[in-house]
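Step one of this worksheet: look at the structure below.
Every number here is computed from the coordinates shown, using simple stated rules; none is lab data. Computed from a predicted structure; not experimentally measured. All Cβ positions, glycine included, derive from the backbone under ideal geometry; neighbour counts span all protein chains shown.
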Amino acid sequence: MKNHYLFDSESLSQAIIEKKHRLENDPSARKNIMDYLPGMERIDSDVCGDVMEQVSRFDYARYTERDVREALLSENCSIDDFMALLSPAAEPYLEAMCWKAQAITGRYFGNTVYLFTPLYIANYCENYCVYCGFNCYNQIRRVKLTMAQIQHEMEIIAGQNIEEILLLTGESHVQSSITYIGEACKLARKYFRMVGLEVYPVNTDDYRFLHECGADYVTVFQETYDTVQYEALHLCGHKRVWPYRFDAQERALRGGMRGVGFSALLGLSDFRKDALAGALHVYYLQRKYPHAEMSLSCPRLRPIVNNSRINPQDVHERQLCQILCAYRIFLPFVGITVSSREKASFRNGIVKIAATKVSASVSTGVGDHESKYTGKNSEQAQGDEQFEINDSRSMAEMRRDIAREGLQPVLNDYLYV
Amino acid sequence: MQNDDKLVIGGHEFYSRFILGSGKYSMQLLEAAIRDAGAEIITLAIRRANNKEKDSILSYIPSGVTLLPNTSGARDAAEAVRIARLGRELGCGDFVKIEIMRDSKYLLPDNAETIRATELLAREGFVCMPYMYPDLYAARDLVNAGAATIMPLAAPIGSNKGLATREFIRILIDEIDLPIIVDAGIGRPSQACEAMEMGAAAIMANTALATSGNLSLMASAFRMAIEAGRKAYLAGLGRVVARGAVASDPLTGFLRD
């Protein structure tokens, strides 16, 4: 089913609707995605060139079953082997890929599965990304939590014995300033051992500031590495600048962060090429910053508030599993996160094969942990969700289910030094 | 094993020469290591102990077993020192395995930073057990820095590839007066046995047990292999004929005076 991203919220004024339609229908009304906006830092890096050169030569139709078999027999998975494992020719070998991935995961990570929860502190956004529930033209309930409200949320979450938190905001520099995010990080350090961030990309100095406030991990989704499709889906706002987003992890590492996370949002473009690009982004950056901890995730498109038709298109669970196994075989040392976008049955299965981290007690809304955890009506304002989740298990349920699979749930093995 | 054959580390005496590493931690593995492998020293990552479950982890270590906290997660000497101090505050004792890595892919130790950390921590009274890449110069520097043992890797952590650095470990055994404990990469009991035959003082392993089909059986196999290797070392290995037979007439037979 082809995705129909575009819709008009009812309460938009005529002038705003006209502007929105112009952005949607007239490419000349949109900025060049390669042009940096004022204040955006440019860094000297060859990582993007290396990644995109490999992606441009990736013709997955040319790989044969023989290439796949050789890739599976190879002790060290080369880039070419990895390409074979991502190709359609590897689909009949999914079971063998799972066995190989499982053995590698066991060797590098044992039987552990790390747990975390996300906390959205604001959902204001200045971008128009047509597939995202937070996009600036989507009429949803917008909220920015105060520090007191954030503290309240954190107390509730910490009460579930959660030790790792991922702080998220919508991409509004005005509503969710660096100072605001930094204050939230300082609060989070009081309640949690490990603080990660998934916020709009910032400059190196700002990453350094956020690190000093207590954050040590930064995740940025590139969404799609296909620049043509990126241009057609991210119609305005800071996020439209593709190369600035691409270099975000490198700036974060230069700013002192211990680890960085990567991902493409599967379903936006050719998923095999996006999967390749995401892994190569890790591969080349790791060669440049060998001390850094790297992680990958594989989110698929999900329905959003006001548009229930959005779906991951041709990326079914089998394809997702193939990508995750290929990731594990190519990059044995990386953490692999599988979010609550996926069903419980998929997550239960994939943690035994390739994934090393899953979220639990998830809400992608703002300020609603109390009502979601306890069923009690919260007095504080609540903001709508970024997307619909597919697995609503609590931390306790997740720990129980992981243990039932013969695995060991780990709340945290991190020190802020 | 002879009762007087003790492993002495920083003045502390041990009879077991199997040390459980910290890579893949679980209660079942701890049990097997202590009960079946006879481990008297158990490694624990301080970063792993530093959570809400720390009480259950620390309280599980039976009395008589020495906890060896490690500094995994440290990327330089300063971080290793901070982590070691935290371990002491958490009640992990004075032993510390110094692990410093600046490579997330292969997890190879950084010898230069490890020497610095050893010097600083030895000064603070820690019993320092540095994990290192087997390099003779670095090992000598570690001795001078105050190390209690030297812990060279046999192969990359978790690889189960055995004594890939055999010849370099042999040099350390020959040249360094401290106990040489072979750490990382030992995948089979036979490899542990070989290292012990060479004169290693002890073996540290984890993945080989953790990823085996039967923890208890593999732990027991390691114990026997280590004991066998130790006995062979103490007995002195027989001469190995290098090429063909040994001539019955000695070459020096012509000497008359």
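What chymotrypsin sites (Phe, Trp or Tyr not before Pro) in segment B:56-119 are in a loop by DSSP, with at most 15 other Cβ atoms within 10 Å of the Cβ?
B:106
For chain A, report the translational diffusion coefficient in µm²/s to the nearest whole number, using Stokes-Einstein at 10 °C, 1.306 mPa s, and a Kirkwood Rh over Cα pairs.
Value of D from the Cα-based Kirkwood radius: 73 µm²/s.
On a full-extension model of 0.36 nm per residue, what is the gain between residue A:95 and residue A:79, subtracting their alpha-carbon distance, rounded to one decimal in nm?
Extra length from residue A:95 to residue A:79 when fully extended: 3.7 nm.
Rank A:295, A:307, A:327 by how far each Cα sits towards the positive end of the charge dipole of segment A:259-417 (+1 on Lys, Arg Cβ; -1 on Asp, Glu Cβ) and give me just the farthest.
With unit charges placed on the Cβ atoms, the residue in question is A:327.
For chain A, list the cysteines whose Cβ sits under 4.7 Å from no other cysteine Cβ?
Flagged as lacking a Cys partner: A:48, A:77, A:98, A:125, A:136, A:236, A:298, A:321, A:325.
Under unit Cβ charges (Lys, Arg +1; Asp, Glu -1), what dipole magnitude, rounded to 20 debye, does the protein assembly as shown have relative to its Cα centre?
For this selection, approximately 720 debye.
Just tell me how shielded B:100-106 is by partners: mean number of partner chain Cβ atoms within 10 Å of each residue's Cβ, no decimals.
Mean partner-chain Cβ count within 10 Å for B:100-106: 5.
Which of A:155, A:91, A:18 ends up with the largest GNM mean-square fluctuation for chain A, with Cα atoms connected below 10 Å?
Its mean-square fluctuation being the largest, the pick is A:18.
In whole angstrom, how far apart do the alpha carbon centroids of segment B:178-231 and segment A:36-79 sit?
40
What translational D, rounded to a whole number of µm²/s, comes out for segment B:181-220 from Stokes-Einstein when the hydrodynamic radius is the Kirkwood one over Cα pairs, at 20 °C and 1.002 mPa s?
Once the numbers are plugged in, D ends up at 208 µm²/s.
Please work out the C-alpha center-to-center distance from segment A:158-195 to segment A:392-408 and express it in whole Å.
Taking the Cα centre of each part, segment A:158-195 and segment A:392-408 sit 25 Å apart.
Assuming 0.36 nm per residue, please report the length gained on full extension of the stretch residue A:173 to residue A:291 beyond their Cα-Cα distance.
Answer, rounded to one decimal: 39.5 nm.
Just for chain B, what percent of DSSP beta bridges are antiparallel, to the closest 5?
15
By counting other Cβ atoms within 10 Å of each Cβ, how are A:99, A:242 ranked from fewest to most?
The fewest-first ordering by Cβ neighbours comes to A:99, A:242.
Residues of segment A:222-240 with backbone nitrogen within less than 16 Å of a virtual label 7 Å along the Cα-to-Cβ line of residue A:36, please, listed as ranges.
Inside the label zone: A:238-240.
How many Cβ atoms of partner chains, on average, are near each residue of A:406-417 if near means within 10 Å of its Cβ?
Per residue, the number of nearby Cβ atoms from other chains is 6 on average.
Taking the number of other C-beta atoms within 10 Å as the exposure measure, put B:102, A:347 in order starting with the fewest.
B:102, A:347
Are there chymotrypsin sites (Phe, Trp or Tyr not before Pro) in segment A:1-39 that DSSP marks as loop and that have at most 14 other Cβ atoms within 10 Å, and which are they?
Filter output for segment A:1-39: A:7, A:36.
Express as a percent, rounded to the nearest 5, the fraction of DSSP beta bridges in segment A:14-410 (both residues included) that run antiparallel.
Percentage antiparallel, nearest 5: 10.
Arrange A:238, A:316, A:369, B:12 by Cβ neighbour counts within 10 Å, fewest through most, would you?
A:316, B:12, A:238, A:369
With everything on Cα atoms, drop me the angle between helix B:189-198 and the longest principal axis of chain B, reported from 0 to 90° to the nearest 10.
Result, in degrees: 60.
Specify the angular offset, from 0 to 90 degrees and rounded to the nearest 10, of the alpha carbon long axis of helix B:77-89 from the longest principal axis of the alpha carbons in chain B.
That helix lies at roughly 70 degrees to the long axis.
Which value, in debye to the nearest 20, describes the size of the charge dipole of chain B about its Cα centre when Lys and Arg Cβ atoms bear +1, Asp and Glu Cβ atoms bear -1, and nothing else is charged?
That gives chain B a dipole magnitude of about 580 debye.
Considering only A:415, A:285, B:138, whose Cα is most displaced toward the positive end of the charge dipole of the protein assembly as shown, charges sitting on Cβ of Lys, Arg (+1) and Asp, Glu (-1)?
Final value for the positive-end residue is A:415.
Sort B:155-163, A:116-124, A:333-341 by packing, meaning the average of other beta carbons within 10 Å per residue, with the highest value first.
A:116-124, A:333-341, B:155-163
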